[in-house]
Every structure is written in structure tokens, then in C-alpha cells.
Ligand SMILES: [Zn+2]
């Protein structure tokens, strides 16, 4: 699975729409990643814009300490297991 990499930019298009744009390329162009509307549009766009960095941070942390906090078998509830589940949700090739 691939996604638009970071750094992403949050851009308040108008009073009703917040856009998330991909990284700059070819002299200032940016791809549109998403458009957010509704009550929480700015917070949702900000979270979306941080997604590539959050995913990379989780991957790096899991590589440092990949074991479940409660033993060899994944419990599905500790921070490590939750992080594994989130990374796998974004990247099915993650083991
Ligand atoms: Zn666990």
C-alpha cells in the first residue's frame, strides 16, 4: 500500500473547507490529498497531515521494541500491540 508522503500542508481553502496537500514538487506544485468539511475540519485535516510522520514514528518505535508488553503472544491491548495493528492497517505488508 502506498500513500502520499509527507510533509503535508494544511490549507484553509475557505470558511467551509480545509485541504490537505502533499509535498511540494516541480517548482511548487502540490497534489491534493483530501478536503475536509464540517465542524472538526481543521482538526481532522491536521491529523491527516501528520499521518505519514505518525506512521513512520510508530514503525521506528516498533523496530526498537517489537514485543508485546505481556509476553510472546500479542495481547491486542498493550501499546505495542495497538501500534502493530495501526501500522498493519496502513501497510498490510507489515508483519
Ligand atoms: Zn500486547
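Every condition in (1) assigned to a loop (DSSP other than H, G, I, E, B); (2) away from the ligand (no atom under 16 Å from the Cβ); (3) touching a residue at least 24 places away in the same chain (Cβ under 8 Å) is met by residue 94 except one, and the failing one is (2).
For segment 7-30, the set of residues classified as closer than 19 Å to residue 57 by Cβ and surrounded by fewer than 14 Cβ atoms within 10 Å (Cβ to Cβ) consists of 7 only. Within segment 74-91, track down each residue that is near the ligand (Cβ under 8 Å from one of its atoms) and either under 23 Å from residue 34 (Cα atoms) or not in a helix (DSSP H, G or I) (or both). Scanning segment 74-91 gives 74, 75, 76, 77, 78. Among the residues of segment 31-69, those that are within 16 Å of the ligand (Cβ to nearest atom), surrounded by 12 or more Cβ atoms within 10 Å (Cβ to Cβ), assigned to a helix (DSSP H, G or I) and over 11 Å from the mean Cα position of the chain (by Cα) comprise 61, 62.
No value in this document is a laboratory result; all are computed from the given coordinates. The structure displayed is predicted, hence computed values, not measured ones. With ideal geometry, Cβ positions are generated from the backbone for all residues, glycine too; neighbour counts draw on all protein chains shown.
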